[in-house]
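Encoded as structure tokens, the structure appears first; notes follow it.
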């Protein structure tokens, strides 16, 4: 494992685990996927968690035994026998030909404000078909389960995929747990791996999850605030970058993001470990809330398809991490609803529910493309942090096709009313974060 090494050294050692795309063929698809877009069925293989602040460890799941206790998915669950897998589609991804060069360019930009060219490999990969509602529904249930132990009523049984027993103690739930954990699902043919990452645990919102609130909140406040969670004079900032008024030291911010124990850095370690375990597999990264933002950042780092549900906006964090930009957009997809003030970027100000809870959720711009469920005007939902939970997305939004466009045909609204499986995925245009702040070298 690479977890105990300093982050910079761990990055460069981890780069040797990365497949060298420069020597690969023009197509990076697994041979099983070359001629079609198959539907894939997965099984739960591993649980991952972090110990000692940065060391990633794994626990394997074994075959179901007769004493295992099973849970059903929900009142709306389909008959497992009728389920035929996740729909896939060919996507274009841009992957750095060398992770060593990728992170070298990051550190040179961060430390010396100098640019370094990164060579990109354009890869055809099979990713989740995000226009298919059943696919998004299944992925959402997979992300939900990262919050729960398998002996919990909050767990979704995924059409028989996870009817297994754990082969060792379900770590990641101890009293001193770090908070970064999730599951690894593997396709029956080993062609694809789905890596899930748990989001922020709010006991009053999602229930359960163990004592991970402190580190979850620290990462939220560092990644999604304008300046170290400096909301007001009574707040305790998470880094010492505030420089008075609305001024924030940019260099200080960026140095705060490369500490070993921060979740993005742990995520890169996790991803490298998974590529070592499954060197020939196509990897997807998915998550909810903070886990979704981390999935997106890892997707941007490794060129992996990523799906994020109700995620706080992470585009500013990607800029502060100095992630080199590929020639065109990566296959990163966000799904959220307009009643969720966190994903919408409006849960801010000293009187907001987020601020009252100690969270500075001030960003609003997402990477990739977004599918926005207009639950406020279409369903009459009130804006509430309770609509940030993954449960309403699963039970109320993804359970039925979305009647979205009211006759919108791209230029006018005079066409026939059309029902879509999910809202269309579009890029957020003219989006700006933290426009009232001045960032510079004030320290």
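The values are calculated or read from the model by the stated rules, or taken from the named source; none is laboratory data. Just so it is clear, the model here is predicted, and its values are computed rather than measured. All Cβ positions, glycine included, derive from the backbone under ideal geometry; neighbour counts span all protein chains shown.
Restricting 103, 112, 159 to residues that are crowded, with 23+ Cβ neighbours inside 10 Å and either under 21 Å from residue 370 (Cα atoms) or modelled with pLDDT under 90 (or both) narrows the list to 103. If you filter the stretch 163-188 down to residues that are buried (at least 20 other Cβ atoms within 10 Å of the Cβ) and under 13 Å from residue 59 (Cα atoms), you find that the one that is modelled with the lowest pLDDT is 172. Just checking, which of 196, 200 is at pLDDT 90 or above, surrounded by 23 or more Cβ atoms within 10 Å (Cβ to Cβ) and either under 17 Å from the mean Cα position of the chain (by Cα) or farther than 22 Å from residue 271 by Cα (or both)? Only one candidate qualifies: 196. Enumerate the helices (runs of 4 or more DSSP H) found wholly within the stretch 226-329, keeping only those where 3 or more residues are in contact (Cβ under 8 Å) with a residue 24 or more places away in the chain, out of contact with any strand residue (DSSP E or B) (no Cβ under 6 Å at 6 or more places or on another chain) and on the phi > 0 side of the Ramachandran plot. It comes to none.
So which residues in the stretch 230-266 are crowded, with 16+ Cβ neighbours inside 10 Å and within 21 Å of the chain's Cα centre (by Cα)? Once the filter is applied, which keeps residues that are crowded, with 16+ Cβ neighbours inside 10 Å and within 21 Å of the chain's Cα centre (by Cα), the stretch 230-266 yields 254, 256, 257, 258, 260, 261, 262, 263, 264, 265, 266. Residue 122 satisfies every condition listed in (1) buried (at least 19 other Cβ atoms within 10 Å of the Cβ); (2) in contact with a strand residue (DSSP E or B) (Cβ under 8 Å, 6 or more places away or on another chain) except (1). Filtered by the rule that a residue be over 17 Å from residue 343 (Cα atoms), touching a strand residue (DSSP E or B) at 6+ places or on another chain (Cβ under 6 Å) and modelled with pLDDT of 90 or more, the stretch 407-439 gives 422, 437, 438, 439.
A quick yes/no check of all residues on (1) at pLDDT 95 or above; (2) closer than 26 Å to residue 113 by Cβ:
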residue: 258; (1), (2): no, yes
residue: 267; (1), (2): no, yes
residue: 276; (1), (2): no, no
residue: 279; (1), (2): no, no
residue: 302; (1), (2): no, yes
residue: 316; (1), (2): yes, yes
residue: 320; (1), (2): no, yes
residue: 324; (1), (2): no, yes
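Condition first: part of a helix (DSSP H, G or I), touching a helix residue (DSSP H, G or I) at 6+ places or on another chain (Cβ under 8 Å) and within 13 Å of residue 311 (Cα to Cα). Now tell me which residues in the stretch 340-361 satisfy that.
Narrowing the stretch 340-361 to residues part of a helix (DSSP H, G or I): 341-344, 353-356.
Subsequent filtering for residues that are touching a helix residue (DSSP H, G or I) at 6+ places or on another chain (Cβ under 8 Å) retains 341-343, 353-354.
Within the stretch 340-361, 341, 342, 343 qualify.
Run down 60, 65 and say which single residue is touching a strand residue (DSSP E or B) at 6+ places or on another chain (Cβ under 7 Å) and at pLDDT below 80. That would be 65, the only listed residue that is touching a strand residue (DSSP E or B) at 6+ places or on another chain (Cβ under 7 Å) and at pLDDT below 80. What do you reckon, is residue 191 modelled with pLDDT of 85 or more, farther than 25 Å from residue 318 by Cβ and in contact with a strand residue (DSSP E or B) (Cβ under 8 Å, 6 or more places away or on another chain)? Yes: the conditions hold for residue 191.
Just checking, which of 336, 359, 373 is closer than 26 Å to residue 283 by Cβ and crowded, with 23+ Cβ neighbours inside 10 Å? Show your work before the answer.
Working: 359 fails: closer than 26 Å to residue 283 by Cβ; 373 fails: closer than 26 Å to residue 283 by Cβ.
Testing whether each residue is closer than 26 Å to residue 283 by Cβ and crowded, with 23+ Cβ neighbours inside 10 Å leaves just 336.
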